[in-house]
Amino acid sequence: MDVAAQCPFDYNMDGTVNYDGDFIIHLGQFGMTEADLEEGEELFTDHNQNGVSDFRDLLGLTEHLGTLSCLESLPWEDCSNDLVLETYEVHTNGFSDDYSAIPPGSVTYRLFLATAFTNSDLSGVYGDSLSPMWISCPTGIFQHPFGGGMALDVNPDILTIAPAAKYTSFLSMGSWFDSCDPNFGYLIEWSEDNWYNQFLSGSGFTINSPIGGGMVGSAPLTTCEPVVPGLIFLGQFTVIGSMEISGSLNIQLRDYQGFSTEPSVCQMEGLTFNSENAQIFGCINTEAMNFDPMATFDDSSCVAYGDFNGDGEVDVADVLQFLNEFGCVLDCSYSDLNGDGVVNVFDLLLLLGYLG
């Protein structure tokens, strides 16, 4: 049998499931029932056969985006992942630019999915009546006029004239607006929820309609290196004049064992986060040069004594970097190995002792 003919997600019958064709075709029926169709038309996107083309049908399609063999079902993995909420910055005195202001006492959080997968991407962040997705922030969230509700909406070039935009609130499918070319996430909002408009207006939201909504990935692999190994970035939220935020998300993840192979799929529902459990990222190894006594979550930033370039080894390159600060008596970084306030021959002797 022809591969395309046996694949229910390959609507344009070209042998692969792609964004430009099949994804766009699917969106044309999103939210429809048989009653909404013209005579003779078929509701071919209702894969779960519940009578409506809903968000879970769309998730079924995004599982397969970019796949070549176009299998009807992909292998599912058991997974137990957690959300990690980082206290990114506390605005004790507030922060402002010429266009907007963050009140004193506000807090910027960043939300991540912790996963053991080494080669994976998000295919969906979603909610519906079966498993609602919600974010609660009683005092409201900061939305900068030059920001946007998704990572792609924030132009990093604007930060030079509007630095407060760095702290605008947005959602993400793994991308970081100021550091990489992101995996494009496509926003889906159904009128019953109106969740995205609520978010843009500076409030929390709930997605709990029967049809559902959220974000889906439209590329087979993210192009972003993780900010922290093992963590996938989900969003940034600046809470106005308070520390209180909580939420519950449902996530579909695809894991690739190799680029040319079909992915396996992992789905997690009811993952929660709360500001009471927020973490401070940093080096928690007391033996490292940059040990942070305030840190509660290891962000893999630890640097061994003498490893100035952070490549995991103490070698000639580190000695050369050390020599650039030889004689330093102010702001000597890590080169002052014995902590006596000056970089001198005694520090050099310590460094030579660390050479591998």
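Before moving on, here are some points about what is shown:
- When Trp176, Trp134 are checked against the criterion of being in the same structural domain as Ile232 (by TED's automatic domain parsing), under 15 Å from Trp195 (Cα atoms), of a type in the set (Phe, Trp, Tyr) and out of contact with any helix residue (DSSP H, G or I) (no Cβ under 6 Å at 6 or more places or on another chain), Trp134 stands alone in meeting it.
- Which listed residue, of Val319, Val345, is farther than 30 Å from Leu65 by Cβ, surrounded by 13 or more Cβ atoms within 10 Å (Cβ to Cβ) and at pLDDT below 85: Val319
- For the stretch 307-352, a residue qualifies if it is more than 15 Å from Met289 (Cα to Cα) and assigned to a helix (DSSP H, G or I), and the qualifying residues are Val316, Ala317, Val319, Leu320, Gln321, Leu323, Val345, Phe346, Leu348, Leu349, Leu352.
- Checking Thr139 against (1) β-branched (Val, Ile, Thr); (2) surrounded by fewer than 18 Cβ atoms within 10 Å (Cβ to Cβ); (3) under 20 Å from Asp82 (Cα atoms), the condition it does not meet: (3)
- Tally, over the stretch 29-63, of residues that are in contact with a Lys or Arg (Cβ under 7 Å, 6 or more places away or on another chain) and among the aliphatic types (A, V, I, L, M): 0
- A search for C-beta distances below 6 Å between a residue of the stretch 273-300 that is touching a residue at least 60 places away in the same chain (Cβ under 8 Å) and any residue that is β-branched (Val, Ile, Thr) and assigned to a loop (DSSP other than H, G, I, E, B), counting only pairs 6+ apart in sequence or on different chains, returns Ser275/Ile245; Gln279/Thr296; Ile280/Thr296; Asp299/Val228.
- Test: residue in the stretch 299-318 that is of a type in the set (D, E, K, R) and touching a strand residue (DSSP E or B) at 6+ places or on another chain (Cβ under 8 Å): yes
- Selection from the stretch 43-58 of residues that are of a type outside the set (S, T, N, Q), surrounded by fewer than 22 Cβ atoms within 10 Å (Cβ to Cβ) and within 13 Å of Pro8 (Cα to Cα): Leu43, Phe44, Asp46, His47
- Note on the stretch 23-42: residues that are modelled with pLDDT under 90 and surrounded by 15 or more Cβ atoms within 10 Å (Cβ to Cβ) total 1.
- One residue stands out among those in the stretch 152-187 that are at pLDDT below 75 and among the hydrophobic types (A, V, I, L, M, F, W, C): the one that is farthest from Tyr109 (Cα to Cα), which is Phe184.
- Flag if Ile211 is within 21 Å of Met133 (Cα to Cα), modelled with pLDDT of 90 or more and of a type in the set (Val, Ile, Thr): yes
- Within the stretch 93-138, tally of residues that are under 17 Å from the mean Cα position of the chain (by Cα) and without any contact (Cβ under 8 Å) to a residue 40 or more places away in the chain: 1
- Qualifying residue in the stretch 293-304 (condition: assigned to a loop (DSSP other than H, G, I, E, B) and over 29 Å from the mean Cα position of the chain (by Cα)): no
The values are calculated or read from the model by the stated rules, or taken from the named source; none is laboratory data. It should be emphasised that the depicted structure is a prediction, and the values quoted were computed from it without experimental measurement. Because the Cβ atoms are built from the backbone with ideal geometry, glycine has one as well, and the counts that use them run over all protein chains shown.
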